[in-house]
Amino acid sequence: MKNLKDLFEHQLKDLYSAETQLLKALPKMAENATDAKLKKAFEAHLEETREHQQRLEEVCKELEIKPTGETCKAMKGLIAEAEAFLKADAEKEVRDAGLIADAQRVEHYEISGYGTVVRYAKELGYDSIAKKLQKTLDEEYKADEKLDKLAEGRLNKKAK
């Protein structure tokens, strides 16, 4: 990598890998959630994740790069932690609270990644790309807020 553009492209590919991995993990999280609202939140985020992946494909096409070729090790690790937790013997209320914790770790990683690429896109003068990536960043913040409300509103209390 020689410049910010190279780094930007690397970060986009990393996010594409993260979203691809998440597409496989979210159905498992939804399947293991026992709370109906949590299950619905995971299912809704699965649809958003498909849109995020598609948006990244559009951005990469515009930049004339392939979105593949990177493996997001961070997402791989976050998903491995969630899968390990699902194997633990936990009461259903505790399982739901733990799923939220794992999902929020993922959201925070994505928020960090998208915040970075939005900033890079702006610095590189890719205003239309920055707007597309900002839309995804906004959706990641909303997903995190929705999980916060589920946890603080009732699921953490049930797990208590």
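Brief remarks follow.
- On inspection, SER128 does not qualify as of a type outside the set (A, V, I, L, M, F, W, C), in a helix (DSSP H, G or I), at pLDDT 95 or above and under 19 Å from the mean Cα position of the chain (by Cα).
- PRO27 under 22 Å from GLN104 (Cβ atoms) and in contact with a helix residue (DSSP H, G or I) (Cβ under 8 Å, 6 or more places away or on another chain): yes
- Positions within segment 69-84 being within 18 Å of the chain's Cα centre (by Cα) and in a helix (DSSP H, G or I), in sequence order: LYS73, ALA74, MET75, LYS76, GLY77, LEU78, ILE79, ALA80, GLU81, ALA82, GLU83
- The residue pairs whose first member lies in segment 140-160 and is under 15 Å from ARG105 (Cβ atoms), whose second member is among the hydroxyl-bearing types (Ser, Thr, Tyr) and in a helix (DSSP H, G or I), and whose beta carbons are closer than 7 Å, counting only pairs six or more residues apart or on different chains, are GLU140/TYR114.
- Residue check for ALA18: within 30 Å of ASN156 (Cβ to Cβ), small (Gly, Ala, Ser) and under 13 Å from the mean Cα position of the chain (by Cα): yes
- Which numbered condition ALA90 fails, given (1) without any contact (Cβ under 8 Å) to a residue 12 or more places away in the chain; (2) part of a helix (DSSP H, G or I); (3) hydrophobic (A, V, I, L, M, F, W, C): (2)
- Some residue of segment 114-124 being more than 14 Å from TYR16 (Cβ to Cβ), in contact with a Phe, Trp or Tyr (Cβ under 6 Å, 6 or more places away or on another chain) and in a helix (DSSP H, G or I): yes
- Residues that are under 15 Å from GLU62 (Cβ atoms) and either outside any helix (DSSP H, G or I) or of a type outside the set (A, V, I, L, M, F, W, C) (or both), drawn from segment 8-24: GLU9, LYS13, TYR16
- Single unsatisfied condition, ASP6 versus (1) at pLDDT below 95; (2) more than 22 Å from ASP138 (Cα to Cα); (3) of a type in the set (D, E, K, R): (1)
- Scanning segment 38-85 for residues that are of a type in the set (Lys, Arg) and surrounded by 15 or more Cβ atoms within 10 Å (Cβ to Cβ) returns LYS39, ARG55.
- Some residue of segment 32-40 being out of contact with any Lys or Arg (no Cβ under 6 Å at 6 or more places or on another chain), in contact (Cβ under 8 Å) with a residue 12 or more places away in the chain, under 25 Å from SER128 (Cα atoms) and in a helix (DSSP H, G or I): no
- Set side by side, the residues ALA121, ALA90, ALA103 differ, and just one is small (Gly, Ala, Ser), surrounded by 15 or more Cβ atoms within 10 Å (Cβ to Cβ) and more than 28 Å from LYS37 (Cα to Cα), which is ALA121.
- Any hit, segment 69-79, residues being farther than 19 Å from TYR141 by Cβ, without any contact (Cβ under 8 Å) to a residue 40 or more places away in the chain and either in contact with a Pro (Cβ under 6 Å, 6 or more places away or on another chain) or among the acidic types (Asp, Glu) (or both): no
The values are calculated or read from the model by the stated rules, or taken from the named source; none is laboratory data. The structure presented is a predicted model; accordingly, all values stated were derived computationally and were not measured. Please note: Cβ atoms are built from the backbone with ideal geometry, for glycine as well, and neighbour counts cover all protein chains shown.
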